[in-house]
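The values are calculated or read from the model by the stated rules, or taken from the named source; none is laboratory data. All figures in this text were calculated on a predicted structure; none of them were measured in a lab. As a convention, Cβ positions derive from the backbone with ideal geometry for all residues, glycine included, and neighbour counts pool all protein chains shown. Just so you know, the surface numbers come from the protein's heavy atoms only, side chains and all, with ligands and any DNA or RNA stripped out. Shrake-Rupley method; radii C 1.70, N 1.55, O 1.52, S 1.80 Å.
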Amino acid sequence: MTEKPATATRADALDTSVPHSARLWNYLLGGKDNFAADRQAAEQVLAFLPELVQSARFNREFLGRAVRHLAGQAGIRQFLDIGTGLPTANNTHEVAQAAAPESRIVYVDNDPMVLVHARALLTSSPEGATDYIEADLRDPELILAEARRTLDFDQPIAVMLLGIVNFVVDDEEALRVVRRLVDAVPAGSYLVLSHPTREVNPEAVDRALAMWNDGGAAQMAIRSPAVIGRYFDGLELLEPGLVTCSQWRPDGNDTTPTSEYCAVGRKNG
């Protein structure tokens, strides 16, 4: 996930001694693209927050359900996925292009390992397109400028921010960045966002946050549903609103509450 300001390419800047959220998430999802520092950090947190594996899975399942709805019922054909993470199953373009092969997807990340894998594995359908931008969430102007190579900003776009805004620790900066991205897309666009909270098992979440922030990795913030809800100001929230990820249109899946909250909002004007 995007965690450091991006200027030039950093393909040679991979530091395997410091845990990285994208690689830790990959480990939690059963992937193999991680290093000892990532696994160690994950296991330390899992010792007192075992629900983290479930949280990672529920967050990924939410992504699939949200994209499936937007590409299917909502008719969205463009997706800007910021904080892509390492490719796993049911990536944004796979879900979108399964419903609408002409869908166009732009992935954004700033971890060199993520970008190498993305360019190798995230290939488009013949009818659609995928692109990959090396940039940080905190540089929305660069993201928007580069995304215009692939996306038509006169047509609706789904802005995907799953588990990434929490790495912008200043509340006002996080709100400014999200609003800048939403302001840049036209009416009929959507914001899809997930964010960790303290609503489930708060003491363990606080311990996990302190351990992560003390471990030398990019700092992270936990926010309340009320604060997360501010990102959707002016948007029409799709039912069921802002809820734990497992309970957003679960379609028969496990609805056990998890610390990750999420919502999908439509820009009407």
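A few remarks follow.
- Taken as entire DSSP H runs, the helices of the chain that both span 30 Å or more between Cα atoms along their own long axis and average -1.0 or more on the Kyte-Doolittle scale are 51-72.
- Accessible surface of the stretch 16-267 [probe 1.4 Å, protein heavy atoms]: carbon and sulfur percent: 49 percent
- Here each label is just a point 7 Å from Cα along the line to Cβ, and for Asp251 and Phe153 those points are 3.1 nm apart.
- A Förster radius of 41 Å combined with the Cβ-Cβ distance from Ala145 to Glu203 puts the calculated FRET efficiency at roughly 0.45.
- Were the residues from Lys32 through Ala210 laid out at 0.36 nm apart, the gain over their Cα-Cα distance would be 61.5 nm.
- Each of the peptides 124-132, 136-144, 90-98 was scored by the mean count of other Cβ atoms within 10 Å over its residues; in descending order, highest first, they stand as 90-98, 136-144, 124-132.
- Per residue value of the accessible surface for the chain (all protein chains in place, 1.4 Å probe), Å²: 41 Å²
- In this structure, Leu175 and Ser125 have a Cβ-Cβ separation that, at R0 = 25 Å, corresponds to a calculated FRET efficiency of about 0.10.
- The stretch 64-117 and the stretch 163-239 have Cα centres separated by 19 Å.
- Global form of the stretch 15-135, assessed from the alpha-carbon gyration tensor, a/c cut-off 1.5: oblate
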